[in-house]
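> Got a structure for you, questions after.
The values are calculated or read from the model by the stated rules, or taken from the named source; none is laboratory data. Just so it is clear, the model here is predicted, and its values are computed rather than measured. Note: ideal-geometry Cβ built from the backbone for every residue, glycine included; neighbour counts use all protein chains shown. These area figures cover heavy atoms from the full protein model, side chains too; ligands, DNA and RNA do not enter into them. Shrake-Rupley method; radii C 1.70, N 1.55, O 1.52, S 1.80 Å.
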Amino acid sequence: MGEKAEWESRVAAFWESFDDSKPQDMLTGMRALVEERPEGDARALAEWGGVHDALDLGAQAVEPYRRALEAGLGLEEQHQVTLQLASTLRNLGFVDESIGLLEQLDAPELGDAPAAFLALALHSAGQPNEALRTALTALAPHLPMYGRAASDYAAELAPDV
């Protein structure tokens, strides 16, 4: 196992044992892992942002997420971090930026997660009908008997003013 693969294995183990009731221990543990990687390592920055996010310290997650995206992640990691950043921005009140990121996110490997988070962001932006339309449209293909009805009802929702 290569050095990076071994590091990733330890990061996975960290997340398996993650305990948000011990925030300082979690920050210390992730800090130790991050410091093993070269300065500016995209994956380490993403993990550093992630631990802050998981501890409800979203304001401290934004910069590492942005730096991770700028540093260059693999496509799937880029999609995951973009989704996490968008969610964090919504939670911090930067709803328009969140919506912009989510509307541009084409990430089939994430399933309907981008639509779910977009629906939340639209709701936060005071666009309840658009939020419901987004959620119903994402849900409809998963409904074996009523998918068409859900799609039709989504299409009938009046635009938000």
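> Could you list all residues from segment 95-112 that are over 25 Å from Val161 (Cβ atoms) and open to solvent by 30 Å² or more (accessible area, probe 1.4 Å)?
Within segment 95-112, Asp106, Pro108, Glu109, Leu110, Gly111, Asp112 meet the criteria.
> Starting from segment 32-49, take each residue that is closer than 17 Å to Trp15 by Cα and assigned to a loop (DSSP other than H, G, I, E, B) and list its partners that are open to solvent by 10 Å² or more (accessible area, probe 1.4 Å) and at pLDDT 95 or above, counting only C-beta distances under 7 angstrom and pairs at least six apart or across chains.
Cβ pairs passing all conditions: none.
> Now for a different question. Take the residues in segment 25-50 that are farther than 17 Å from Glu3 by Cβ and touching a Pro at 6+ places or on another chain (Cβ under 9 Å); name whichever of them is surrounded by the fewest Cβ atoms within 10 Å (Cβ to Cβ).
Once the filter is applied, the top-ranked residue is Gly50.
> Which one is most open to solvent (accessible area, probe 1.4 Å) among residues in segment 52-94 that are over 14 Å from the mean Cα position of the chain (by Cα) and within 23 Å of Leu122 (Cβ to Cβ)?
Here the answer is Phe94.
> Let me ask something additional. Only one residue in Ala150, Ala121 is in contact with a helix residue (DSSP H, G or I) (Cβ under 6 Å, 6 or more places away or on another chain), open to solvent by less than 20 Å² (accessible area, probe 1.4 Å), at pLDDT 95 or above and closer than 21 Å to Asp56 by Cβ, so which one is that?
Every option except Ala121 fails the conditions.
> Can I ask one more? Tell me yes or no: at least one residue of segment 15-24 is assigned to a helix (DSSP H, G or I) and open to solvent by less than 30 Å² (accessible area, probe 1.4 Å).
Just the residues of segment 15-24 that are assigned to a helix (DSSP H, G or I), to begin with: 15-16, 23-24.
Imposing the further condition that a residue be open to solvent by less than 30 Å² (accessible area, probe 1.4 Å) reduces the set to none.
Looking for residues that are assigned to a helix (DSSP H, G or I) and open to solvent by less than 30 Å² (accessible area, probe 1.4 Å), one finds none in segment 15-24, hence no.
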